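The values are calculated or read from the model by the stated rules, or taken from the named source; none is laboratory data. All values derive from a computational prediction rather than experimental measurement. As a convention, Cβ positions derive from the backbone with ideal geometry for all residues, glycine included, and neighbour counts pool all protein chains shown.
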Amino acid sequence: DDIDALIGKLDQFNTVSGKAMQVITSADGEEIQKTESEFKILRPGYFYWRTLPPYEQIIVSNPDTISVYDPDLEQVSIYQSEKMRNSPASILSGNRSAIEKQFKVTKSGASNDKKSTSFELSYLDTANADFKKLTVTFKKDQLASIVMHDMLDQVTSITFGKVNTKAALTPAQFEFTPPAGVDVIIE
Amino acid sequence: CSLTPTKQPNLQSKDELYTLDSWRASGKLGTRYKGKNESAFFSWTQTGDDYTIHLYGPLGQGSVYLYKEGNSFRIESKDLNEHAASPEQLLQRTTGLQLPVSNLAYWLRGIPATSISADKTQHNEDGDLSALQQEGWEITYRSYMPAYGLNMPEKIIAKRKDIKLTVSIKSWDI
């Protein structure tokens, strides 16, 4: 079914790295924030997302912990992975069971030239969901974008670029040690 | 002056910051309270004494809007649409964030709040506020950025008892 098709696309890469451009727009179309990030993913379970200045922030997650480091705020928060607050990151780094447990997946269409296919995901646990709809699009089997609509019709769109699925990534690259002098909170 | 300045306003003195028609500050804020870190991106858009504060997470999730319209305060998010008499109590009850909202309207601009006394003020060699004590809050201005002819706050730390608030401002629009 549709989840198999999505997993089929995701399983074509065990490692992926690249750049991501994220734009948040309000319901009336005003741009709220635009950021660029570098990311690395080792499936299943390993995820690195560094947003570049001025809104610098580093998120490193592995099967045990998720660390969020904010250099401007001099804060590091470390969470237990299972408490991964249903973040869309689990779509990219999750395996089938992780995705099945969180999302209802429907294939929402392929372009007539079969070059791009999109999947619409909605949270099963709607009460705690941050987004009412997420659309994941692949172009020629490569990760192209994730677009998220929240309940106030704010839209967060992430477009992926310089996608490299041959990067040699190892779990060791997904460990995070907080720099000195920073408030570290283990949640 | 409009938020999309056709003519960049050129402010001469900090006193003008008290009577700005409109201004917007955007950036990140973090709170540390009772061993718990909260952080959010924010934009504070003010027209006269009314303001809209938008708080949201890294992916834009958890969006919360706090409006001051005259002396009524309203908060709006995916599960809330409530009024209250004070923004501080409204924000704390609904998001857990402890923010001295009314005073922040001034502190963000690097000026003491007017309705209360300023117990201690220190200035750096450029004449900008470097430390301020008001209503039990100890505010330190760690850095400034040039904007519109003045130095506008860039990094602010505010502490009171067991709360620490860090504000990192990324852009000013006046």
- Message: I'm told A:Ile146 meets every condition in (1) touching a residue at least 60 places away in the same chain (Cβ under 8 Å); (2) within 10 Å of another protein chain (Cβ to nearest Cβ); (3) outside any loop (DSSP other than H, G, I, E, B); (4) not basic (Lys, Arg) except one. Can you identify the failing condition by its number?
- Response: (1)
- Query: Quick one: in segment B:76-94, which of the residues that are closer than 27 Å to B:Glu138 by Cα and buried (at least 19 other Cβ atoms within 10 Å of the Cβ) is farthest from the other protein chains (Cβ to nearest Cβ)?
  - Reply: B:Pro87
- Checked A:Ser122, A:Ser108, A:Ser116 against criteria (surrounded by fewer than 19 Cβ atoms within 10 Å (Cβ to Cβ), of a type in the set (Gly, Ala, Ser) and at pLDDT below 90); the one match is A:Ser108
- Being of a type in the set (D, E, K, R), in contact with a strand residue (DSSP E or B) (Cβ under 8 Å, 6 or more places away or on another chain) and within 14 Å of chain B (Cβ to nearest Cβ), is that true of even one residue in segment A:13-34? yes
- Quick check: is even one residue across segment B:31-42 at the interface with chain A (Cβ under 10 Å from one of its Cβ atoms), free of Cβ contacts under 8 Å to residues at least 40 places away in the same chain, within 20 Å of A:Val155 (Cα to Cα) and small (Gly, Ala, Ser)? no
- Query: Which residues, counting only those in segment B:152-169, are touching a residue at least 40 places away in the same chain (Cβ under 8 Å), over 15 Å from B:Val101 (Cα atoms) and surrounded by 13 or more Cβ atoms within 10 Å (Cβ to Cβ)?
  - Reply: B:Met152, B:Pro153, B:Ser168, B:Ile169
- Message: Looking at A:Ser81 and the list (1) away from chain B (no Cβ under 14 Å); (2) within 22 Å of A:Thr159 (Cβ to Cβ); (3) surrounded by fewer than 21 Cβ atoms within 10 Å (Cβ to Cβ), which single condition is not satisfied?
- Response: (2)
- Task: Taking only segment A:155-178 into account, find how many residues are touching a residue at least 12 places away in the same chain (Cβ under 8 Å), part of a loop (DSSP other than H, G, I, E, B) and out of contact with any strand residue (DSSP E or B) (no Cβ under 6 Å at 6 or more places or on another chain).
- Result: 4
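Can you pull out every residue in segment B:43-71 that is polar (S, T, N, Q), facing chain A (nearest Cβ under 10 Å) and not in a loop (DSSP other than H, G, I, E, B)?
Taking segment B:43-71 and keeping what is polar (S, T, N, Q), we get B:43, B:45-47, B:52, B:61, B:63, B:71.
This time we only want the ones that are facing chain A (nearest Cβ under 10 Å), so: B:43, B:61, B:63.
Result: B:Ser43, single match.
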- Note on the structure: Counting only residues in segment A:84-105 that are part of a strand (DSSP E or B) and buried (at least 19 other Cβ atoms within 10 Å of the Cβ), the one modelled with the lowest pLDDT is identified as A:Phe103
- Any chance B:Gly62 is among the small types (Gly, Ala, Ser) and touching a Lys or Arg at 6+ places or on another chain (Cβ under 6 Å): no
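Mind listing whichever residues of segment A:88-101 are touching a helix residue (DSSP H, G or I) at 6+ places or on another chain (Cβ under 7 Å) and away from chain B (no Cβ under 14 Å)? Let's see the steps before the verdict.
Let us first name the residues in segment A:88-101 that are touching a helix residue (DSSP H, G or I) at 6+ places or on another chain (Cβ under 7 Å), namely A:90-91, A:96, A:98-100.
Once the filter is applied, which keeps residues that are touching a helix residue (DSSP H, G or I) at 6+ places or on another chain (Cβ under 7 Å) and away from chain B (no Cβ under 14 Å), segment A:88-101 yields A:Arg96, A:Ala98, A:Ile99, A:Glu100.
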- Residue by residue through segment B:73-94, note down the ones that are in contact with a strand residue (DSSP E or B) (Cβ under 6 Å, 6 or more places away or on another chain) and either hydroxyl-bearing (Ser, Thr, Tyr) or outside any helix (DSSP H, G or I) (or both). B:Phe73, B:Arg74, B:Ile75, B:Glu76, B:Ser77, B:Glu82, B:His83, B:Ala84, B:Thr94
- Mind checking whether some residue in segment B:143-151 is closer than 21 Å to B:Glu38 by Cβ, out of contact with any strand residue (DSSP E or B) (no Cβ under 8 Å at 6 or more places or on another chain), surrounded by fewer than 21 Cβ atoms within 10 Å (Cβ to Cβ) and away from chain A (no Cβ under 12 Å)? no
- Task: Name every residue in segment B:17-32 that is modelled with pLDDT of 95 or more and of a type in the set (Phe, Trp, Tyr), in order of residue number.
- Result: B:Trp23
- Is it the case that segment B:26-35 has a residue that's buried (at least 16 other Cβ atoms within 10 Å of the Cβ), of a type in the set (D, E, K, R) and touching a Phe, Trp or Tyr at 6+ places or on another chain (Cβ under 9 Å)? yes
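Listed residues A:Phe138, A:Phe131; which is under 22 Å from A:Ser61 (Cα atoms) and either of a type in the set (Val, Ile, Thr) or touching a residue at least 12 places away in the same chain (Cβ under 8 Å) (or both)? Reasoning before the result, please.
Working: A:Phe138 fails: under 22 Å from A:Ser61 (Cα atoms).
Of A:Phe138, A:Phe131, the one residue that is under 22 Å from A:Ser61 (Cα atoms) and either of a type in the set (Val, Ile, Thr) or touching a residue at least 12 places away in the same chain (Cβ under 8 Å) (or both) is A:Phe131.
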- Note on the structure: From the option list B:Glu88, B:Glu82, B:Glu69, B:Glu76, single residue qualifying as under 28 Å from A:Asp130 (Cα atoms) and in contact with a helix residue (DSSP H, G or I) (Cβ under 6 Å, 6 or more places away or on another chain) is B:Glu88
